[in-house]
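Every read-out reported here was derived from the displayed coordinates using simple, explicitly stated rules and does not represent laboratory data. Source: prediction; values computed, not measured. Neighbour counts are summed over all protein chains in view; Cβ atoms, including those assigned to glycine, are modelled from backbone coordinates with ideal geometry.
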Amino acid sequence: MSHERLNLDADFLFRAFAELGVIGRNPSGRGYQRLAWSQAERDAHQWFRERAQGLGFEAWTDPAGNSFADFSGGASPDEPALAIGSHLDSVPFGGAFDGGLGVVAALVAAKAIRDQGATLRRPLRLAAFTDEEGARFGTGLLGSKALAGALDMDLVRQAADQNNILLKDAMARYGFDLEALPSTHKLLPRFFGYLELHIEQGPRLEQRGIATAAVSVITGIRHLRLEFFGQANHAGTTPKPERRNALRAAAEAIAAFSRWVDNTDNLVANPGHITVHPNATNVVPGEAQLDWDIRSPDPALLDQAVNRLTSIANEVAQPFQVTVRHHGYHDVPACAMSEPWMRLIEEAAGDLHLSTTRLVSWAGHDASVLGRVIPAAMIFVPSRAGVSHAPEESSSDSAMLDGTRLLAQTAFHILTEEGAGL
Ligand SMILES: [Zn+2]
């Protein structure tokens, strides 16, 4: 592989990161509110396209609202391009680094590759995906799913935010047609592969004192809703044996399934949301709705966990004369990253004298959708104290530089070598 080192413009990295950092910031200064299809998210996309144009790249937007910018570098513009980038939306009160670092790093890496002056074998494409987080409409990975042809249009058509604004209307406000989302998939042949730098969002790299990681596999994620049906009744007068308390059944299900999860490796599960009806202190709850987030990089284990949860729920609900229904409403399969590109990341880390390891990503990413249809790989850098999806989210200046260097070096290799490492 090419061992020539690229010259990185560190000033540009920190300047651009600071510029992006004023867009969608909460007035209190506590984190970001850059939700999908909000003015702030669209402003961030515009900033990205203008910045890319400033570098001489050709910026464009697809029907899903993803922003791209192309640099042919002497390659035929008809050749499929290597995309590098991340997303620009945040969760409510999110941090500056989740997604933002990957997009800024892509700009900086592209500038370094342009300035190096080599003739590329395939074009470079900077990418900023929309609605990665799904925090507003529950439609996470929307932009990458549209590109990969993996959208569930029935879900997308119904998607609405907390204020009952339909995704369809939020998109229309910015001139996008929800029904045109599937046409994004026609662009996929123009993509050679996808490489993303992201913060780890966990404590492993920092605790082990390792500078970078190649992601080995992105976890599979299931969201499962359990509905418990008992009988609402008077909290005082109903005899104990006759109480059909749906909330107690849900609580037993949380306790029993969590014990199984605690004793199971390679799997996590979170009972994160509960709705109780009628939710009154002096009424025996007649209904409860409990939503689980279950994750594992092992598809068979994930299936096993879902089966285990539903059977445990049925079992523990019986003594309360409560019945249980369940349905899954979000299912992202685990996705292994490209093994040859993991090795390229490791070789490039060696050239740059950066320590590196391989990590499972327990967070979802656009690469888990794109990695099913084109080669994809991800680089992680340490998160301070492992905090993410919070205003305190942060990575050191040296982590930002290390990650950007590694992104640039790996991308340069894929762009200039005949087989692109594959
Ligand atoms: Zn992210």
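Computed values, structure above
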read-out	value
Most fluctuating residue given options Pro382, Pro27, Pro203, as computed from a GNM of the chain linking Cα atoms under 10 Å	Pro27
Segment 313-370 - Kirkwood radius from inverse mean 1/r over Cα pairs (Å)	15.6
Partner lysines for Lys186 [C-alpha distance under 27 Å; skip if fewer than 8 residues away on the same chain]	Lys145, Lys168
Of every Cα-Cα pair in segment 1-138, the percent that sits beyond 18 Å	54
Degrees separating the helix 246-262 axis from the principal Cα axis of the chain, which is the longest one	50
Cα centre as origin, Lys/Arg/Asp/Glu Cβ charges: segment 264-312 dipole, Debye	100
Ranked by how many other beta carbons lie within 10 Å on average, peptides 361-372, 216-227 from highest	361-372, 216-227
Spherically averaged projected area in nm², based on the convex hull that wraps the Cα atoms of segment 269-422	13.1
Beta bridges by DSSP in the chain, antiparallel share as percent, to the nearest 5	70
Residue of Phe12, Phe192, Phe320 that the Gaussian network model of the chain assigns the largest fluctuation, springs spanning Cα pairs under 10 Å	Phe320
Pairs of Cα atoms farther than 20 Å apart, segment 336-394, %	37
For Val268, Val261, order by how many other beta-carbon atoms lie within 10 Å, fewest first	Val268, Val261
Crossing angle, helix 299-317 versus the chain [Cα axis fit, 0-90 degrees, rounded to tens]	20
Percentage relative contact order, segment 220-332, counting C-alpha pairs under 8 Å, at least six apart	46
Nearest-ten-degree value, helix 339-351 long axis tilted from longest Cα axis of the chain	60
Scattering profile of the chain at q = 0.07, 0.10 Å⁻¹ [log10 I(q)/I(0), Debye over alpha-carbon scatterers]	-0.36, -0.70
Calculated SAXS-style log₁₀ I(q)/I(0) at q = 0.10, 0.20 Å⁻¹ - segment 106-236, Debye, Cα scatterers	-0.55, -1.27
Segment 287-330 - charge dipole about Cα centre, Lys and Arg +1 at Cβ, Asp and Glu -1, debye rounded to 20	60
Furthest towards positive pole of dipole, Pro239, Leu224, Val332, structure part segment 220-332, Cβ charges	Pro239
Fraction of the pair-distance distribution of segment 177-308 above 20 Å, Cα-Cα pairs, percent	65
For Ala81, distant residues with modelled amide H under 5 Å away	Phe191, Phe192
Packing rank of 148-156, 194-202, 32-40, where each peptide gets the mean count of other beta carbons within 10 Å, highest leading	194-202, 32-40, 148-156
Size of charge dipole - the chain - debye, nearest 20, with Cβ of Lys, Arg +1 and Asp, Glu -1, no other charges	720
The chain, relative contact order in percent, only Cα pairs under 8 angstrom and at least six apart counted	22
Relative contact order %, segment 326-400, counting alpha carbon pairs below 8 Å whose residues are six or more apart	30
Shape category assigned to segment 146-206 from the gyration tensor of Cα positions, a/c cut at 1.5	oblate
Signed unit charges on C-beta, dipole axis of the chain, positive-most listed residue Ser144, Gly386, Ser72	Gly386
Most fluctuating residue given options Asn164, Asn270, Asn307, as computed from a GNM of the chain linking Cα atoms under 10 Å	Asn164
